[in-house]
Every structure is written in structure tokens, then in C-alpha cells.
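Some notes on the structure that comes next.
The values are calculated or read from the model by the stated rules, or taken from the named source; none is laboratory data. Worth saying up front: this structure is predicted, and the values here are computed from it rather than measured. So basically every Cβ, Gly included, is an ideal-geometry build from the backbone, and we count neighbours across all protein chains shown. Heads up: the accessible areas ignore ligands, DNA and RNA and are worked out on the full protein's heavy atoms, side chains in. Shrake-Rupley method; radii C 1.70, N 1.55, O 1.52, S 1.80 Å.
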Amino acid sequence: MLEIDYPTRFSELIQSIDCDIELPIEWTDYFEERGEITSYAEDDRANRRLKIRTQGMMWFESTLPFLARSSNHTVIYTRDFSRFGAGFLVPFQLFPEERVRIVLPTFWVRLQVVRARRITSKCFEIGATLLERHDPRLDAFELCQPSDSMAV
């Protein structure tokens, strides 16, 4: 029964806040891109990556001691997924070792940031390692309070 309410809750939350991400002008077809990402010669990845482009929501689960993060959710755009990681876009900078929860239309995940790259002043590309993947459940929407330091 709880899974029935997940799409409704997701839709309500995603519509309740504005998205602050500003994509580069060259990325006009961002949400149309789909499929496998081709590897290049120096790519050390063991698993293939798939372009999956959709909106989601992000909460901080733990952050670094010098950062004061809001407990509010933020709209994100997914970029790609692999077996053990994900790429996504956010409107502000994240730092390696921060942990986030990302809620998507069909599942939710917990990730640890491993890299960040500035694309525009309000678009940062984040690479993260998958910590947990969950099927749709309402506990995905429980408010997260960022901790003062990284919980191991």
C-alpha cells in the first residue's frame, strides 16, 4: 500500500519547489539523450554507464564539518547511472565525502560524492558512489538532518 503513494508524494514534492539548475545553452537536448555511454581508451571503469535523464530530489544525509547545509530538498537532474555509481547535476557545489539521498520517480538511492565539476554558475556535475539502492517507499521522503561531520 505504501508504494501506491510514492509517485503521488514524489510528484507533490517536485512541483513544490523551483529548480535552480541553469544548463549550458549547448545542452538544449539534455533530456532527450538516452542510452549507453561509449568508453574511451583511458577509461578505467569496469561497468558500463547509461544516460538516464530525469528530475529528482536530493537531501543531505551527512556533510563536512565546515559546511552548513539546509535540510530542505533540492531539485536535481540525473545524468548517468552505472552498477556502482551515479552522475547528476545540482545548482550548487558539493564536496567529496558528502552523503546525499536522491529520490527519483521509480526508486531512491543513497550516494557518497566522489567528484564535482562546475559547468555553469548554477550547474555542477557530481559523480557519486552508490551506497544503497531502494525500491519506492514513503520513508524515502523522511526529512534528513545533515550531521555536523561524516558518519562512518
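Largest to smallest in accessible area, the residues Y6, Y77 fall in the order Y77, Y6 (1.4 Å probe, all protein chains included).
Run the accessible area of region 50-140 with a 1.4 Å probe and give the carbon-and-sulfur part as a rounded percent.
Carbon plus sulfur share of accessible area: 51 percent.
Residues whose amide H comes within less than 5 Å of that of F124, counting only those at least five positions distant or on another chain, are V90, F92, I119 (H built at 1.01 Å from N in the peptide plane). Per residue, region 50-140 exposes an accessible area of 43 Å² to a 1.4 Å probe, with every protein chain left in place. On the beta carbon distance between L67 and R9, with R0 = 35 Å, the FRET formula returns roughly 0.80. Placing D20, D139, D80 in order of accessible area, with the largest value first and a 1.4 Å probe, yields D20, D139, D80.
Ordering T120, Y77, I52 by Cα displacement along the dipole of region 50-140 toward the positive end leaves T120 in first place; charges were set at the Cβ atoms of Lys, Arg (+1) and Asp, Glu (-1). Convert each backbone phi in region 120-134 into a coupling constant with the Karplus relation 6.51 cos²θ - 1.76 cosθ + 1.60 (shift: θ = phi - 60°), then list the ³J(HN,Hα) values in order as whole Hz, x for Gly and Pro. Once rounded to whole Hz, the list reads 9, 5, 10, 8, 10, 8, 10, x, 9, 8, 6, 9, 8, 10, 10.
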